[in-house]
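S.K.: Take a look at the following structure, please.
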Amino acid sequence: MAEERFHIGNAAGFATDRVDAGAPVVRALIDAGAPAALFYETLAERTLAYAQRNKLRDADKGYTPDLERFLAPVLVDCVAHEIPILGNFGAANPAGAARAIHRLAQELGIEEIKVAVVEGDDVREGLRSMQVQAWEEEPLFDVGRYDIVAANAYLGARPIADALALGADVVVTGRVTDSALALAPLLHHFGWKDQDWDRVAAGVLTGHLLECGAQATGGYFADPGYKDVPGMADIGYPIAEVTGEGDIVLTKPSGTGGRVDPRTVKEQVLYEIHDPANYLTPDVTLDLMQVAVSDVGPDRVQVTGAKGRPAPETLKVTISYEGGWLGEGEISYAGPGASARARLAAQTAKERVEREFPGLSVRTDVLGLVSVLDGDSGGLSKHHSDTDWQDVRVRLAVNAADETTAARAAREVETLYCAGPAGGAGVRLNVMPRIKTASCLIPRESIQPRVRLVGPDDV
């Protein structure tokens, strides 16, 4: 008898990912006929800060804005086929997200649905009283110096598994590790213990392979002529088939675009890994040094060899704080001499901003030359000829302490319409508050995660 495999699908790798990606994944999970779960990973480092701001404006908001659009194509099928949905789309307001899911379920005609929330990651109010430690090589963050918008600890998988044990159809979290969303249903289904280090490590690796959505199925891999990927417009999102011993097969829904092969998988294994022997998570210290990747069929790759050691005694906290205002102005130049005119425009606008606002941080780029690779000094672009570039765009950016200064500085780009040089067009201005982030560590015992079922009217 073949060993049972639990199937886990991913339907989003960030908050503004494709909202139609989940439907093919769910159809594949149903067709497989195996026990399964689906998860959405929608929280980047700064996303929680913006969510906190939204919650301050509207107490019922603060969760992923596209939550309903993500879930509408899949919720009926997932509930009917007992495929639990897990997501960190609760952001700053997991309970608000749960109520939104209840409203959506009602609209879709789902008569009964259990929605659980995992809370306790928000440590903004208690951070100043905790024993804060420095994160890696970063200086110790001074929690009393800055206007903190959000501070959230990365929780692990156990509270999510506890929510599944309550019979939840949907589990909503705030900040958790991305991998915890995949590990949790494995803990629940197979009954893995927290100290089953190698199995837990395999679960974390599963989540790591899945967490970025189509990045593992050829999306971020694609490079035409070098790494070709078919069907990019309909790329399939990844599915992992996991045994009770922690062997993994990564695949994608049949009939979708993209590719799953050893190269796409290896790139994802190494993604964001600084020390492959010591990948620290709240659940386990993952050792990737013995991981093996092998092709076992069309769009099927086996991954084995994950090893685990005890999890660290501390939890990582991401702190988001007010970082002033960003002011941006852009203008395009085209035709003969476009690059030279663009350079003159950039220099003109920069001179005027620096004259009016001495000491202000100012950067200019000519987009289409080497702007991505250049530094704030613009030194790299000086070595490029102006003769070969006939369609370029000037960008000026400032970091200001207040909105008014940022707006006034950005407007210098707009004055180039008539103040020259010749041929400028397509001005766009943007002024927005900046959020900066820092990391620190806190003792694990400082956090007490909470799990509860939330009804349509619960706070």
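S.K.: In the stretch 419-426, is there at least one residue being touching a helix residue (DSSP H, G or I) at 6+ places or on another chain (Cβ under 6 Å), within 30 Å of Thr281 (Cβ to Cβ) and either exposed (fewer than 15 other Cβ atoms within 10 Å of the Cβ) or at pLDDT 95 or above (or both)?
M.R.: Checking the stretch 419-426: not a single residue is touching a helix residue (DSSP H, G or I) at 6+ places or on another chain (Cβ under 6 Å), within 30 Å of Thr281 (Cβ to Cβ) and either exposed (fewer than 15 other Cβ atoms within 10 Å of the Cβ) or at pLDDT 95 or above (or both).
S.K.: Looking only at residues that are part of a loop (DSSP other than H, G, I, E, B) and touching a His at 6+ places or on another chain (Cβ under 8 Å) in the stretch 13-58, which one is surrounded by the fewest Cβ atoms within 10 Å (Cβ to Cβ)?
M.R.: Ala34
S.K.: From the list Tyr154, Tyr220, exactly one residue is among the aromatic types (Phe, Trp, Tyr) and either without any contact (Cβ under 8 Å) to a residue 40 or more places away in the chain or closer than 20 Å to Gly120 by Cβ (or both). Which is it?
M.R.: Only one candidate passes the filter, namely Tyr154.
S.K.: Please go through the stretch 97-147 and pick out each residue that is touching a Leu at 6+ places or on another chain (Cβ under 8 Å) and among the polar types (S, T, N, Q).
M.R.: Gln133
S.K.: Now, a different point. Could you look through the stretch 108-122, keep only residues that are assigned to a loop (DSSP other than H, G, I, E, B) and touching a residue at least 24 places away in the same chain (Cβ under 8 Å), and pick out the one that is nearest to the chain's Cα centre (by Cα)?
M.R.: Across the stretch 108-122, the extreme among qualifying residues is Asp121.
S.K.: Would you pick out the residues in the stretch 430-459 that are in a loop (DSSP other than H, G, I, E, B) and among the charged types (D, E, K, R)?
M.R.: Within the stretch 430-459, Asp457, Asp458 meet the criteria.
S.K.: For residues in the stretch 66-91 being assigned to a loop (DSSP other than H, G, I, E, B) and of a type outside the set (A, V, I, L, M), which is farthest from Asn54 (Cα to Cα)?
M.R.: This residue is His81.
S.K.: Do we have any residue at all in the stretch 318-334 that's aliphatic (A, V, I, L, M) and under 30 Å from His208 (Cβ atoms)?
M.R.: Restricting attention to the stretch 318-334, the residues satisfying the condition of being aliphatic (A, V, I, L, M) are 319, 326, 331, 334.
Keeping just the survivors that are under 30 Å from His208 (Cβ atoms) gives 319.
Scanning the stretch 318-334, I find at least one residue that is aliphatic (A, V, I, L, M) and under 30 Å from His208 (Cβ atoms), so the answer is yes.
S.K.: Oh, and also: Is it the case, given these coordinates, that Leu56 is within 23 Å of the chain's Cα centre (by Cα) and farther than 30 Å from Arg300 by Cβ?
M.R.: Working: within 23 Å of the chain's Cα centre (by Cα): yes; farther than 30 Å from Arg300 by Cβ: yes.
Answer is yes for this residue.
S.K.: Please work out which residue is farthest from the chain's Cα centre (by Cα), limiting yourself to the stretch 2-22 and to residues that are of a type in the set (D, E, K, R) and under 17 Å from Met232 (Cα atoms).
M.R.: Asp20
S.K.: Which condition does Gly327 not pass, out of (1) at pLDDT below 90; (2) under 28 Å from the mean Cα position of the chain (by Cα); (3) buried (at least 22 other Cβ atoms within 10 Å of the Cβ), if it passes all the others?
M.R.: It fails just one condition, (1).
S.K.: Take the stretch 123-136 and flag every residue that is free of Cβ contacts under 8 Å to residues at least 40 places away in the same chain and farther than 27 Å from Ala401 by Cα.
M.R.: Result: Ser129, single match.
S.K.: Follow-up. Would you say Ala407 is at pLDDT below 95, hydrophobic (A, V, I, L, M, F, W, C) and under 23 Å from Leu326 (Cα atoms)?
M.R.: The answer is no for Ala407.
S.K.: With (1) modelled with pLDDT under 95; (2) assigned to a loop (DSSP other than H, G, I, E, B) as the list, and Val149 as the residue in question, which single condition is left unmet?
M.R.: (2)
S.K.: What is the one condition in (1) surrounded by 18 or more Cβ atoms within 10 Å (Cβ to Cβ); (2) in contact (Cβ under 8 Å) with a residue 40 or more places away in the chain; (3) assigned by TED's automatic domain parsing to the domain that holds Leu67 that Ala105 does not satisfy?
M.R.: It fails just one condition, (2).
One line per residue, one yes/no per condition, for (1) aliphatic (A, V, I, L, M); (2) outside any strand (DSSP E or B); (3) more than 30 Å from Gly258 (Cβ to Cβ):
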residue: Gln290; (1), (2), (3): no, yes, no
residue: Pro312; (1), (2), (3): no, yes, yes
residue: Ser320; (1), (2), (3): no, no, yes
residue: Glu328; (1), (2), (3): no, no, yes
residue: Tyr333; (1), (2), (3): no, no, yes
residue: Pro336; (1), (2), (3): no, yes, yes
residue: Ala349; (1), (2), (3): yes, yes, yes
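S.K.: Now for a different question. Evaluate the stretch 217-229: report whether one residue or more is farther than 30 Å from Pro253 by Cβ and of a type in the set (Phe, Trp, Tyr).
M.R.: From the stretch 217-229, those farther than 30 Å from Pro253 by Cβ are none; that's our starting set.
The answer is no, given that none of the residues of the stretch 217-229 is farther than 30 Å from Pro253 by Cβ and of a type in the set (Phe, Trp, Tyr).
The values are calculated or read from the model by the stated rules, or taken from the named source; none is laboratory data. Predicted, not measured: the structure shown is a model, and the values here were computed from it. Positions of Cβ are generated from backbone atoms using ideal geometry, with glycine treated the same way; all protein chains shown enter the neighbour counts.
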